[in-house]
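Working notes, beginning with the structure itself.
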Amino acid sequence: DIKGFAFDLDGVITDTARLHGQAWRQTADTVGTPWTAELAESLKGISRLESLEMILAAGGHANDYTEREKEALADEKNKAYQELIKTLTPADILPGMGDFIRDAVAQGYRLSIASASKNAPAILNNLGLTKYFIGIVDPATLSAGKPDPEIFVRAAAVLDLPNEQIIGLEDSAAGIKSINAAGQTSLGIAAAGVLPEAKLHFTATSQVTLATIATKMNQ
Ligand code: BG6
Ligand code: MG
């Protein structure tokens with residue numbers, strides 16, 4: 001039986017995947033990498049420095065910057081991103097997600113956050129959702145990011161539940177791989193066909209409820 005949920009944050013609870021994209025697009029312009037929908041999609045779930053490496057590589061600039069310059073580019077992106085997330089309020093919770101989170105807690109499920117973002121605690125706070133989660137995995141303490149299972153395995157430790165009793169919610173391909181490799185049940189939220197490896201697939205956050213999950217689990 002499912003007893004807990006491990007949530008990705010960006011693109012699952014709030015539409016910050018779009019804000020990350022907006023900030024990275026400026027970085028891509030700075031380094032001269034063409035910005036494409038495919039590149040934007042591939043960056044979802046990927047840590048800040050790895051994302052920068054991917055943007056550089058996509059434009060053939062993998063060896064054009066020193067470590068110090070790369071850190072400066074990543075800092076610049078983060079500053080732009082932090083300006084964008086400053087204004088987030090509970091009104092920015094994606095449709096249905098606030099109700100789903102409150103219902104799950106009311107029904108006795110345990111909730112944790114498995115986000116690659118170092119900004120996750122601030123965002124959850126701005127959304128007014130911190131109190132619903134038992135804990136947040138600190139991505140700074142991971143030896144490998146998504147698609148490695150480590151972050152979701154750590155989220156299970158936070159919940160104090162075995163992996164088999166956990167559903168992981170994700171909007172990224174890297175995150176779905178991480179959940180599957182951890183031995184949890186993956187729930188993907190994306191356009192039809194985008195997350196083929198997700199065990200349970202939803203095309204919108206508004207469709208994610210305890211009832212619809214139960215139905216899909218039994219299919
Ligand atoms: C993930 C996002 O949740 O966090 C990525 O999907 C982002 O796009 C990553 O790069 C790291 O976020 P931050 O806030 O630590 O730069
Ligand atoms: Mg995400």
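Each reported figure results from applying straightforward, stated rules to the coordinates on display, with no laboratory input. Keep in mind that what you see is a predicted model, and the values were worked out from it rather than measured. Please note: Cβ atoms are built from the backbone with ideal geometry, for glycine as well, and neighbour counts cover all protein chains shown.
Among the GluC sites (Glu not before Pro) found in segment 130-183, not one is both in a DSSP coil and sparsely packed, with 10 or fewer other Cβ atoms within 10 Å of its Cβ. Among the trypsin sites (Lys or Arg not before Pro) in segment 63-110, those placed in a DSSP loop whose Cβ has at most 16 other Cβ atoms within 10 Å are LYS86.
Taking square-rooted eigenvalues a ≥ b ≥ c of the alpha carbon gyration tensor, is segment 86-141 rounded, prolate or oblate, where a/c under 1.5 means rounded and, failing that, a/b exceeding b/c means prolate? Could the numbers behind the result be given before it?
Working: a/c = 2.33, a/b = 1.16, b/c = 2.01.
Oblate.
What does the charge count around ASN125 come to, taking other residues whose C-beta lies under 13 Å from its C-beta (Lys +1, Arg +1, Asp -1, Glu -1)? My count for the surroundings of ASN125 gives +1.
Quick one: angle between helix 48-58 and the longest Cα principal axis of the chain, in degrees between 0 and 90, rounded to 10, please. Here the helix axis deviates by roughly 60 degrees. The spacing between segment 1-54 and segment 189-219, judged by their C-alpha centroids, is 21 Å. For the chain, the longest principal axis of the alpha carbon atoms and the long axis of helix 150-159 meet at an angle near 40°. Going Cα to Cα from LYS44, which aspartates and glutamates come in below 13 Å? Please leave out same-chain ones fewer than 8 positions away. Candidates past the 8-residue exclusion: ASP8, ASP10, ASP15, GLU170, ASP171. Each peptide in 8-19, 37-48 gets a packing score, the mean of other Cβ atoms within 10 Å over its residues, and the list from highest to lowest is 8-19, 37-48. The antiparallel fraction among DSSP beta bridges confined to the chain stands at about 5%.
Residue-wise HN-Hα couplings along segment 18-26, as the Karplus relation 6.51 cos²θ - 1.76 cosθ + 1.60 with θ = phi - 60° gives them from phi, are 5, 6, 4, x, 4, 6, 5, 4, 5 Hz; Gly and Pro carry x. Pairs exceeding a 24 Å alpha-carbon distance, out of LYS79/LYS118; LYS146/LYS199; LYS118/LYS199: LYS118/LYS199. Along segment 36-45 the Karplus relation, 6.51 cos²θ - 1.76 cosθ + 1.60 evaluated at θ = phi - 60°, assigns HN-Hα couplings of 10, 4, 5, 5, 4, 5, 5, 7, 4, x Hz to successive residues, with x for each Gly and Pro.
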